Amino acid sequence: MSLKPRPLGIMVDLVYLLIFGTFVYPTAVPQGQARDGSWRTLPSIAGGLRQEDAVVATSDAVWVLGGTMIDPFRTVDTVEYYSLRDSSWHTAAPFGTPLNHLNAASVGETIYILGGLSEGRQWRAQGISLAYSTSANAWQHRAPMPQGTQRGACAVGVYDTTIYLAGGMTILDLESGDQDVVATVTAYDTVRDSWNTNLPPLPQPRQHVAGVVVGSTFYVLGGRTNGQEKIQNNVYALDLNSPMSGWRELTPMPTARGGLACAAIGEIIYCLGGEGDQQTQSQVFPQVEAYNTVTNQWSRLPDMPVPKHGWGVAAIGGTIYSPGGGIKAGTAPTDGFDSFTP
(Lines give C-alpha, C1' and ligand atoms only; values in the text may rest on other atoms or scores of the structure.)
Protein backbone atom coordinates (compact mmCIF):
# COMPACT_ATOMS: atom_id res chain seq x y z
CA MET A 1 0.00 0.00 0.00
CA SER A 2 1.31 3.42 -0.87
CA LEU A 3 1.86 5.73 2.10
CA LYS A 4 1.85 9.49 1.79
CA PRO A 5 5.07 10.96 3.25
CA ARG A 6 4.52 13.32 6.19
CA PRO A 7 6.53 16.54 6.72
CA LEU A 8 8.32 16.79 10.08
CA GLY A 9 9.23 19.71 12.27
CA ILE A 10 12.82 20.75 12.92
CA MET A 11 14.34 19.52 16.21
CA VAL A 12 16.89 21.21 18.44
CA ASP A 13 20.48 20.12 17.88
CA LEU A 14 21.74 18.23 20.95
CA VAL A 15 25.16 16.61 21.07
CA TYR A 16 26.49 13.55 22.88
CA LEU A 17 30.27 13.39 22.88
CA LEU A 18 32.54 10.33 23.06
CA ILE A 19 36.15 11.03 22.08
CA PHE A 20 38.79 8.57 20.92
CA GLY A 21 42.47 9.35 20.28
CA THR A 22 43.43 9.92 16.66
CA PHE A 23 46.32 11.28 14.63
CA VAL A 24 47.11 12.39 11.09
CA TYR A 25 49.63 11.07 8.60
CA PRO A 26 51.69 13.69 6.75
CA THR A 27 50.22 15.32 3.66
CA ALA A 28 50.93 13.21 0.60
CA VAL A 29 51.23 15.85 -2.11
CA PRO A 30 51.49 19.65 -2.18
CA GLN A 31 48.23 21.49 -2.53
CA GLY A 32 46.92 25.04 -2.63
CA GLN A 33 43.72 26.59 -1.38
CA ALA A 34 41.28 26.84 -4.28
CA ARG A 35 38.82 29.71 -4.54
CA ASP A 36 36.11 27.83 -6.40
CA GLY A 37 32.92 26.57 -4.81
CA SER A 38 30.33 27.83 -2.34
CA TRP A 39 28.47 26.45 0.67
CA ARG A 40 24.78 26.93 1.47
CA THR A 41 22.88 26.15 4.69
CA LEU A 42 19.69 24.11 4.23
CA PRO A 43 16.86 23.08 6.62
CA SER A 44 18.06 20.75 9.39
CA ILE A 45 17.13 17.06 9.29
CA ALA A 46 13.56 17.11 10.57
CA GLY A 47 13.84 13.84 12.48
CA GLY A 48 16.82 15.08 14.46
CA LEU A 49 20.44 14.16 14.97
CA ARG A 50 22.03 11.54 12.74
CA GLN A 51 25.46 9.91 12.37
CA GLU A 52 26.89 6.64 10.98
CA ASP A 53 23.96 6.63 8.55
CA ALA A 54 23.78 6.26 4.78
CA VAL A 55 22.97 9.06 2.35
CA VAL A 56 21.81 8.42 -1.22
CA ALA A 57 20.19 10.47 -3.97
CA THR A 58 17.36 9.87 -6.39
CA SER A 59 16.44 12.26 -9.19
CA ASP A 60 14.91 14.95 -6.97
CA ALA A 61 15.56 13.93 -3.36
CA VAL A 62 18.33 13.29 -0.82
CA TRP A 63 17.69 10.30 1.45
CA VAL A 64 18.98 9.65 4.99
CA LEU A 65 18.83 6.00 6.07
CA GLY A 66 19.31 4.53 9.53
CA GLY A 67 22.35 5.41 11.62
CA THR A 68 22.71 6.49 15.24
CA MET A 69 21.03 9.32 17.12
CA ILE A 70 21.76 11.11 20.42
CA ASP A 71 22.67 8.01 22.45
CA PRO A 72 25.69 6.26 20.84
CA PHE A 73 24.00 2.92 21.51
CA ARG A 74 20.71 3.88 19.84
CA THR A 75 20.56 2.69 16.25
CA VAL A 76 17.48 3.41 14.13
CA ASP A 77 15.68 2.12 11.03
CA THR A 78 14.16 5.46 10.09
CA VAL A 79 14.09 6.87 6.57
CA GLU A 80 13.75 10.55 5.72
CA TYR A 81 14.22 12.46 2.52
CA TYR A 82 14.72 16.07 1.55
CA SER A 83 12.71 16.94 -1.53
CA LEU A 84 14.28 19.37 -3.96
CA ARG A 85 10.76 20.06 -5.24
CA ASP A 86 9.42 21.66 -2.06
CA SER A 87 12.68 22.20 -0.12
CA SER A 88 11.43 20.32 2.93
CA TRP A 89 11.90 17.05 4.80
CA HIS A 90 9.50 14.09 4.70
CA THR A 91 9.29 10.67 6.34
CA ALA A 92 9.18 7.39 4.44
CA ALA A 93 8.61 3.78 5.44
CA PRO A 94 11.23 2.48 7.92
CA PHE A 95 13.24 -0.52 6.76
CA GLY A 96 12.51 -2.62 9.85
CA THR A 97 16.01 -3.58 11.02
CA PRO A 98 17.98 -0.89 12.87
CA LEU A 99 21.41 -0.51 11.25
CA ASN A 100 24.37 1.80 11.55
CA HIS A 101 27.34 1.98 9.19
CA LEU A 102 24.97 0.60 6.56
CA ASN A 103 25.96 0.21 2.92
CA ALA A 104 23.42 1.83 0.61
CA ALA A 105 23.07 3.04 -2.96
CA SER A 106 20.41 4.04 -5.46
CA VAL A 107 19.92 2.55 -8.91
CA GLY A 108 17.45 4.72 -10.76
CA GLU A 109 14.58 5.42 -8.36
CA THR A 110 15.18 2.28 -6.27
CA ILE A 111 17.23 2.42 -3.07
CA TYR A 112 19.21 -0.59 -1.83
CA ILE A 113 20.55 -1.41 1.63
CA LEU A 114 23.24 -4.10 1.55
CA GLY A 115 24.28 -4.96 5.08
CA GLY A 116 25.53 -2.86 7.95
CA LEU A 117 26.16 -3.12 11.69
CA SER A 118 23.60 -3.99 14.38
CA GLU A 119 22.32 -1.99 17.32
CA GLY A 120 23.49 -2.48 20.93
CA ARG A 121 26.81 -1.99 22.69
CA GLN A 122 28.60 -4.37 20.35
CA TRP A 123 27.89 -3.57 16.71
CA ARG A 124 28.03 -6.75 14.62
CA ALA A 125 27.81 -7.29 10.87
CA GLN A 126 24.36 -7.96 9.43
CA GLY A 127 23.90 -9.47 5.97
CA ILE A 128 20.38 -8.25 5.30
CA SER A 129 19.64 -6.86 1.81
CA LEU A 130 16.64 -4.67 1.07
CA ALA A 131 15.21 -2.74 -1.86
CA TYR A 132 12.96 0.31 -1.52
CA SER A 133 10.51 1.49 -4.15
CA THR A 134 10.18 5.26 -4.02
CA SER A 135 6.86 5.08 -5.86
CA ALA A 136 5.27 2.46 -3.58
CA ASN A 137 7.01 3.62 -0.36
CA ALA A 138 7.69 -0.02 0.47
CA TRP A 139 10.68 -2.25 1.25
CA GLN A 140 11.31 -5.77 -0.04
CA HIS A 141 13.88 -8.35 1.03
CA ARG A 142 16.51 -9.29 -1.55
CA ALA A 143 19.27 -11.91 -1.62
CA PRO A 144 21.29 -11.53 1.60
CA MET A 145 25.03 -10.99 1.60
CA PRO A 146 26.81 -14.36 1.15
CA GLN A 147 28.08 -16.06 4.28
CA GLY A 148 31.40 -14.62 5.39
CA THR A 149 30.97 -11.34 3.50
CA GLN A 150 28.59 -9.58 5.90
CA ARG A 151 29.97 -6.20 6.92
CA GLY A 152 29.33 -2.48 7.29
CA ALA A 153 31.31 0.73 6.75
CA CYS A 154 32.22 -0.22 3.16
CA ALA A 155 33.16 1.88 0.17
CA VAL A 156 30.16 1.77 -2.18
CA GLY A 157 29.98 2.37 -5.93
CA VAL A 158 27.38 1.82 -8.65
CA TYR A 159 28.15 0.76 -12.21
CA ASP A 160 25.15 0.28 -14.50
CA THR A 161 22.80 -1.87 -12.39
CA THR A 162 25.46 -3.42 -10.15
CA ILE A 163 26.47 -2.17 -6.69
CA TYR A 164 30.07 -2.73 -5.57
CA LEU A 165 31.22 -2.94 -1.95
CA ALA A 166 34.89 -2.73 -0.92
CA GLY A 167 36.44 -3.20 2.51
CA GLY A 168 34.39 -2.67 5.65
CA MET A 169 34.23 -3.95 9.21
CA THR A 170 32.50 -6.92 10.81
CA ILE A 171 32.40 -5.85 14.46
CA LEU A 172 32.87 -2.77 16.64
CA ASP A 173 32.74 -3.11 20.43
CA LEU A 174 31.89 0.31 21.85
CA GLU A 175 33.28 -0.47 25.29
CA SER A 176 36.54 -2.28 24.50
CA GLY A 177 37.16 -0.64 21.13
CA ASP A 178 37.73 -4.05 19.52
CA GLN A 179 37.03 -4.08 15.79
CA ASP A 180 37.69 -6.18 12.73
CA VAL A 181 38.49 -4.73 9.31
CA VAL A 182 38.44 -6.59 5.99
CA ALA A 183 39.68 -6.20 2.40
CA THR A 184 36.69 -8.06 0.92
CA VAL A 185 35.21 -6.87 -2.39
CA THR A 186 31.78 -8.06 -3.55
CA ALA A 187 29.15 -6.96 -6.05
CA TYR A 188 25.36 -7.15 -6.06
CA ASP A 189 23.49 -7.41 -9.37
CA THR A 190 20.19 -5.60 -8.80
CA VAL A 191 18.56 -7.13 -11.89
CA ARG A 192 19.44 -10.77 -11.20
CA ASP A 193 19.25 -10.38 -7.41
CA SER A 194 22.58 -12.18 -7.09
CA TRP A 195 26.02 -11.66 -5.58
CA ASN A 196 29.52 -11.93 -7.06
CA THR A 197 32.21 -12.79 -4.52
CA ASN A 198 34.90 -13.57 -7.09
CA LEU A 199 36.52 -10.14 -7.12
CA PRO A 200 40.08 -9.15 -6.14
CA PRO A 201 40.35 -7.88 -2.55
CA LEU A 202 41.68 -4.44 -1.74
CA PRO A 203 45.49 -4.23 -1.44
CA GLN A 204 44.96 -3.53 2.28
CA PRO A 205 41.94 -3.87 4.58
CA ARG A 206 39.91 -0.67 4.97
CA GLN A 207 36.88 0.53 6.92
CA HIS A 208 35.16 3.91 7.27
CA VAL A 209 36.33 4.30 3.68
CA ALA A 210 34.89 6.30 0.77
CA GLY A 211 34.02 4.99 -2.67
CA VAL A 212 32.52 6.11 -5.97
CA VAL A 213 32.38 4.98 -9.60
CA VAL A 214 33.45 7.38 -12.35
CA GLY A 215 33.07 6.04 -15.88
CA SER A 216 33.81 2.34 -15.53
CA THR A 217 36.31 2.66 -12.66
CA PHE A 218 35.57 2.05 -8.98
CA TYR A 219 37.62 4.39 -6.78
CA VAL A 220 38.24 3.65 -3.09
CA LEU A 221 39.68 6.51 -1.06
CA GLY A 222 41.14 6.95 2.42
CA GLY A 223 39.60 5.19 5.39
CA ARG A 224 41.48 3.39 8.13
CA THR A 225 42.89 -0.01 8.94
CA ASN A 226 42.37 -1.90 12.20
CA GLY A 227 42.01 0.98 14.63
CA GLN A 228 40.46 4.43 14.77
CA GLU A 229 43.86 6.12 14.82
CA LYS A 230 45.20 4.31 11.74
CA ILE A 231 43.92 6.68 9.09
CA GLN A 232 45.05 6.32 5.49
CA ASN A 233 45.32 8.41 2.31
CA ASN A 234 45.63 5.69 -0.36
CA VAL A 235 43.54 5.85 -3.52
CA TYR A 236 42.79 2.51 -5.19
CA ALA A 237 41.12 2.01 -8.57
CA LEU A 238 39.49 -1.05 -10.13
CA ASP A 239 38.55 -1.22 -13.82
CA LEU A 240 35.09 -2.77 -13.76
CA ASN A 241 35.37 -3.84 -17.39
CA SER A 242 38.30 -6.08 -16.45
CA PRO A 243 38.17 -6.41 -12.66
CA MET A 244 40.42 -9.45 -12.47
CA SER A 245 43.32 -7.28 -13.64
CA GLY A 246 43.34 -6.04 -10.06
CA TRP A 247 43.58 -2.78 -8.18
CA ARG A 248 45.85 0.11 -9.18
CA GLU A 249 47.19 2.63 -6.66
CA LEU A 250 46.90 6.27 -7.73
CA THR A 251 48.09 9.62 -6.39
CA PRO A 252 47.29 9.58 -2.66
CA MET A 253 44.79 11.94 -1.12
CA PRO A 254 46.54 14.98 0.42
CA THR A 255 44.80 14.48 3.78
CA ALA A 256 44.79 11.03 5.38
CA ARG A 257 41.44 10.47 7.09
CA GLY A 258 38.78 7.96 8.01
CA GLY A 259 35.05 8.49 8.17
CA LEU A 260 35.16 10.82 5.17
CA ALA A 261 32.47 11.15 2.51
CA CYS A 262 32.80 11.55 -1.24
CA ALA A 263 30.74 12.20 -4.35
CA ALA A 264 31.53 12.60 -8.04
CA ILE A 265 30.42 15.34 -10.40
CA GLY A 266 31.55 14.58 -13.92
CA GLU A 267 35.16 13.41 -13.84
CA ILE A 268 35.95 14.97 -10.45
CA ILE A 269 35.70 13.18 -7.09
CA TYR A 270 35.10 15.45 -4.09
CA CYS A 271 36.27 14.19 -0.68
CA LEU A 272 34.86 15.94 2.38
CA GLY A 273 35.58 15.94 6.10
CA GLY A 274 36.67 12.90 8.06
CA GLU A 275 38.09 12.04 11.45
CA GLY A 276 41.64 12.33 12.75
CA ASP A 277 42.61 16.03 12.66
CA GLN A 278 45.19 16.63 15.41
CA GLN A 279 45.18 20.35 14.66
CA THR A 280 41.64 20.98 15.94
CA GLN A 281 39.86 20.34 19.23
CA SER A 282 37.07 18.45 17.47
CA GLN A 283 39.58 16.21 15.67
CA VAL A 284 37.36 16.46 12.58
CA PHE A 285 38.79 17.61 9.25
CA PRO A 286 37.25 20.61 7.47
CA GLN A 287 39.09 19.87 4.21
CA VAL A 288 37.37 19.48 0.87
CA GLU A 289 39.76 17.99 -1.68
CA ALA A 290 39.03 17.27 -5.33
CA TYR A 291 40.58 14.46 -7.36
CA ASN A 292 40.68 14.78 -11.14
CA THR A 293 40.33 11.26 -12.50
CA VAL A 294 41.75 12.31 -15.87
CA THR A 295 44.93 14.06 -14.69
CA ASN A 296 45.41 12.00 -11.48
CA GLN A 297 45.88 15.25 -9.52
CA TRP A 298 44.40 16.74 -6.36
CA SER A 299 43.31 20.29 -5.53
CA ARG A 300 41.97 22.03 -2.42
CA LEU A 301 38.54 23.66 -2.28
CA PRO A 302 36.83 25.82 0.37
CA ASP A 303 36.59 24.11 3.76
CA MET A 304 33.36 22.78 5.20
CA PRO A 305 31.63 25.44 7.34
CA VAL A 306 30.95 22.71 9.93
CA PRO A 307 33.47 19.85 9.69
CA LYS A 308 31.88 16.39 9.79
CA HIS A 309 32.74 12.69 9.85
CA GLY A 310 30.84 9.41 9.95
CA TRP A 311 28.13 10.26 7.42
CA GLY A 312 27.47 10.37 3.70
CA VAL A 313 26.98 12.90 0.93
CA ALA A 314 25.17 12.69 -2.40
CA ALA A 315 25.37 14.68 -5.63
CA ILE A 316 22.38 15.81 -7.68
CA GLY A 317 23.22 17.82 -10.75
CA GLY A 318 26.20 20.01 -9.88
CA THR A 319 25.57 20.17 -6.13
CA ILE A 320 26.72 17.94 -3.26
CA TYR A 321 24.30 17.54 -0.34
CA SER A 322 25.60 16.87 3.18
CA PRO A 323 22.97 16.05 5.85
CA GLY A 324 23.88 15.05 9.41
CA GLY A 325 27.20 13.58 10.49
CA GLY A 326 29.44 13.72 13.55
CA ILE A 327 30.90 17.10 14.51
CA LYS A 328 33.43 15.82 17.08
CA ALA A 329 35.59 12.69 17.10
CA GLY A 330 33.69 9.61 18.17
CA THR A 331 29.96 10.13 18.61
CA ALA A 332 28.58 13.66 18.33
CA PRO A 333 25.71 13.68 15.83
CA THR A 334 24.20 16.79 14.28
CA ASP A 335 21.01 17.51 12.35
CA GLY A 336 22.80 20.19 10.33
CA PHE A 337 22.33 20.11 6.57
CA ASP A 338 24.26 22.04 3.96
CA SER A 339 25.24 21.82 0.33
CA PHE A 340 28.36 22.52 -1.68
CA THR A 341 28.43 23.65 -5.29
CA PRO A 342 31.95 23.49 -6.81
Checklist entry - Could you count how many residues in segment 187-218 are crowded, with 24+ Cβ neighbours inside 10 Å, not in a loop (DSSP other than H, G, I, E, B) and not hydrophobic (A, V, I, L, M, F, W, C)? => result 3
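Is it the case that Ser245 is out of contact with any helix residue (DSSP H, G or I) (no Cβ under 8 Å at 6 or more places or on another chain), loosely packed, with under 14 Cβ neighbours inside 10 Å, closer than 22 Å to Tyr291 by Cβ and of a type in the set (Gly, Ala, Ser)?
Criteria met by Ser245.
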Checklist outcome for this item: Exception for Ser242 within (1) of a type in the set (S, T, N, Q); (2) farther than 15 Å from Val181 by Cβ; (3) touching a residue at least 40 places away in the same chain (Cβ under 8 Å) falls at (3)
Next on the checklist: Kindly evaluate Leu221 against the criterion of being in contact with a Phe, Trp or Tyr (Cβ under 7 Å, 6 or more places away or on another chain) and within 23 Å of Ala104 (Cα to Cα).
Outcome noted: no
Checklist outcome for this item: From the option list Thr295, Thr251, single residue qualifying as over 18 Å from Asp36 (Cα atoms) and without any contact (Cβ under 8 Å) to a residue 12 or more places away in the chain is Thr295
Next on the checklist: Under 8 Å between Cβ atoms, which residue pairs at least 6 apart in sequence (or on different chains) link something in segment 202-219 that is within 18 Å of Gly310 (Cβ to Cβ) and free of Cβ contacts under 8 Å to residues at least 60 places away in the same chain with a partner that is of a type in the set (Gly, Ala, Ser) and surrounded by fewer than 24 Cβ atoms within 10 Å (Cβ to Cβ)?
Outcome noted: Arg206/Ala183; Val212/Ala263; Val212/Ala264
Item to check | Listing of strands (runs of 3 or more DSSP E) fully contained in segment 1-110 that carry 3 or more residues being hydrophobic (A, V, I, L, M, F, W, C) and modelled with pLDDT of 95 or more | outcome: 54-58, 61-65, 104-107
Checklist outcome for this item: Those residues of segment 113-122 which are assigned to a strand (DSSP E or B) and surrounded by fewer than 21 Cβ atoms within 10 Å (Cβ to Cβ) amount to Gln122
Checklist entry - Which residue, of Ser322, Ser282, is among the small types (Gly, Ala, Ser) and surrounded by 24 or more Cβ atoms within 10 Å (Cβ to Cβ)? => result Ser322
Checklist entry - If you take the residues of segment 67-93 that are in contact with a Pro (Cβ under 8 Å, 6 or more places away or on another chain) and closer than 23 Å to Thr319 by Cα, which of them is surrounded by the fewest Cβ atoms within 10 Å (Cβ to Cβ)? => result Ser87
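Tell me, please, whether a residue that is among the basic types (Lys, Arg) and in a strand (DSSP E or B) can be found in segment 123-136.
Looking for residues that are among the basic types (Lys, Arg) and in a strand (DSSP E or B), one finds at least one in segment 123-136, hence yes.
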Checklist entry - Where residues in segment 219-271 are among the acidic types (Asp, Glu) and modelled with pLDDT of 95 or more, which of them is nearest to the chain's Cα centre (by Cα)? => result Glu267
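The values are calculated or read from the model by the stated rules, or taken from the named source; none is laboratory data. Remember, it's a predicted structure, so these values are computed and weren't measured experimentally. So basically every Cβ, Gly included, is an ideal-geometry build from the backbone, and we count neighbours across all protein chains shown.
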